[in-house]
Amino acid sequence: MGHRLLGVGLVVILALLVVICGGLYLLILHMPGASFQSTPSPLDSREETLRDRLKGHVRVLAEDIGERHYWRPDAKHRAADYIEQVFRDSGHEPQRQAVPTGDEVFHNIEVELQGRGDKDEILVIGAHYDTVRGSPGADDNASGVAVLMELARLLPKESPERTIRLVAFANEESPFFGTEAMGSLRYAREARVADENIVGMLSLEMLGYFTDEPGSQRRPPVLEYVYPDTGDFLAFVGNVASRSLVRETIGAFRKYAEVPSEGLAAPELIDDIRRSDHWAFWQQGYPGLMITDTANFRNPHYHGPDDTYDTLDYDTMARITAALAKAVAGMPAGR
């Protein structure tokens, strides 16, 4: 009888483990749609133009201007001026938000596209334009800024339903991350004080390094059993509180993208999911996620002098940018 009860107990325990694991999978890992797994189509003429524009932006920021940080303030101001001018050339009226930083003042640069549906719902898409010392920052994060600037050109043609704000942020990198001088934290705090209805924030954080070399993708502990070991995918990463936004965004992206994609909505105990400007919006109670090529988990040039414009995959960046424009424009208001 004892053995029989023991056997029943083990069955119950195993059943509970299955239920728990299944629940965690649905909560953290399960994403709508399917990751693209085929050979992408050749770029058409519009995508080729987009590719060349992206490459030009990255080259200006990473090569012509170079390191963009507190210790090279003139370069950082030049980067802000360049972003502002590109926004203007796309037909927008950019606004500046001052970000006091030691004895300097840098700026967040913002443009707003009014939604055709619920204009009170705001989706913020942002990318930081500063770098660490010692790196020209092509992937980190001229790539994200380049995509941001091209979204400013593409999105008006897509007539987004929500109001969309595109923001280039100052001071994401150390030593300013998490401090009063972090541009995105200042922005998010002021938005909360103004009681703005920000329904989500998408942080464009390193979007240029892709490879089909097996074993090229490293993963944090535990996640190595879930995600691919080839660094050819785009990752959509948020916390559990932002799970709906992660699922909505990657689901919309997968409708248009010829780029593999993986999603994760995980507890903030995993430090690596917090490493960008979306974290600042979490602090103010707004949902947010990071869209990324996974940084140092893939790119061997991360934060180094070899993070140069010629190391990036601009064909894939063009596919990502075109798909994101359609995806965010098609995300319905009133969710």
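The values are calculated or read from the model by the stated rules, or taken from the named source; none is laboratory data. Model, not experiment: these values are computed from the prediction. Using ideal geometry, Cβ is built from the backbone for each residue, glycine included, and neighbour counts are taken over all protein chains shown.
For segment 289-324, residues that are touching a Ser or Thr at 6+ places or on another chain (Cβ under 6 Å), buried (at least 24 other Cβ atoms within 10 Å of the Cβ) and either on the phi > 0 side of the Ramachandran plot or not in a loop (DSSP other than H, G, I, E, B) (or both) total 2.
Residues that are of a type outside the set (Asp, Glu), touching a His at 6+ places or on another chain (Cβ under 9 Å) and assigned to a loop (DSSP other than H, G, I, E, B) occur at least once in segment 207-221. When Ala333, Ala318, Ala322 are screened for being more than 18 Å from Pro136 (Cα to Cα) and at pLDDT below 95, only Ala333 passes.
Just for strands (runs of 3 or more DSSP E) wholly inside segment 76-180: which have at least 1 residues that are out of contact with any Cys (no Cβ under 7 Å at 6 or more places or on another chain), acidic (Asp, Glu) and over 15 Å from Ala280 (Cβ atoms)? Write out each step before concluding.
On the way: elements: 95-101, 104-113, 122-128, 163-169.
Correct list: 104-113.
Taking every residue in segment 183-199 that is in contact (Cβ under 8 Å) with a residue 40 or more places away in the chain and at negative phi and pairing it with any residue that is in a helix (DSSP H, G or I) and small (Gly, Ala, Ser), at least 6 positions away or on another chain, the pairs with Cβ-Cβ distances below 6 Å are Ser184/Ala280; Leu185/Ala280; Ala188/Ala280; Ile198/Ala191. (1) closer than 15 Å to Phe297 by Cα; (2) hydrophobic (A, V, I, L, M, F, W, C); (3) out of contact with any helix residue (DSSP H, G or I) (no Cβ under 8 Å at 6 or more places or on another chain): which one isn't true of Ile250, the others all being true? Only one criterion in (1) closer than 15 Å to Phe297 by Cα; (2) hydrophobic (A, V, I, L, M, F, W, C); (3) out of contact with any helix residue (DSSP H, G or I) (no Cβ under 8 Å at 6 or more places or on another chain) is unmet by Ile250, namely (1).
Could you list, in sequence order, the residues of segment 187-206 that are in contact with an Asp or Glu (Cβ under 6 Å, 6 or more places away or on another chain), assigned to a strand (DSSP E or B) and aliphatic (A, V, I, L, M)?
Passing the criteria: only Val199.
Any residue at all in segment 29-46 that's at pLDDT below 95, part of a helix (DSSP H, G or I) and under 30 Å from Phe233 (Cβ atoms)? Yes. For segment 37-95, residues that are surrounded by 16 or more Cβ atoms within 10 Å (Cβ to Cβ) and acidic (Asp, Glu) total 3.
The single condition among (1) surrounded by fewer than 21 Cβ atoms within 10 Å (Cβ to Cβ); (2) at pLDDT 95 or above; (3) in contact with a Lys or Arg (Cβ under 8 Å, 6 or more places away or on another chain) that Ala265 does not meet is (1). Scanning segment 231-247 for residues being part of a helix (DSSP H, G or I) and crowded, with 22+ Cβ neighbours inside 10 Å gives a total of 3.
Can you give me the number of residues within segment 47-75 that are assigned to a loop (DSSP other than H, G, I, E, B), within 21 Å of Asp310 (Cβ to Cβ) and either charged (D, E, K, R) or modelled with pLDDT under 95 (or both)? The total comes to 2. Being at pLDDT 95 or above, within 15 Å of Ala295 (Cβ to Cβ), under 16 Å from the mean Cα position of the chain (by Cα) and not hydrophobic (A, V, I, L, M, F, W, C) holds for only one residue in Ser135, Ser143, and it is Ser143.
Checking the structure you have, find out if any residue of segment 164-180 is crowded, with 21+ Cβ neighbours inside 10 Å, of a type in the set (Lys, Arg) and touching a strand residue (DSSP E or B) at 6+ places or on another chain (Cβ under 8 Å). Within segment 164-180 (the criterion being crowded, with 21+ Cβ neighbours inside 10 Å, of a type in the set (Lys, Arg) and touching a strand residue (DSSP E or B) at 6+ places or on another chain (Cβ under 8 Å)), the answer is no, since none of the residues qualifies.
May I ask you to verify whether Asp272 is under 19 Å from Asp229 (Cβ atoms), acidic (Asp, Glu) and touching a residue at least 40 places away in the same chain (Cβ under 8 Å)?
yes
All conditions but one from (1) in contact with a strand residue (DSSP E or B) (Cβ under 6 Å, 6 or more places away or on another chain); (2) more than 23 Å from Leu202 (Cβ to Cβ); (3) without any contact (Cβ under 8 Å) to a residue 24 or more places away in the chain apply to Pro73; the one that does not is (3).
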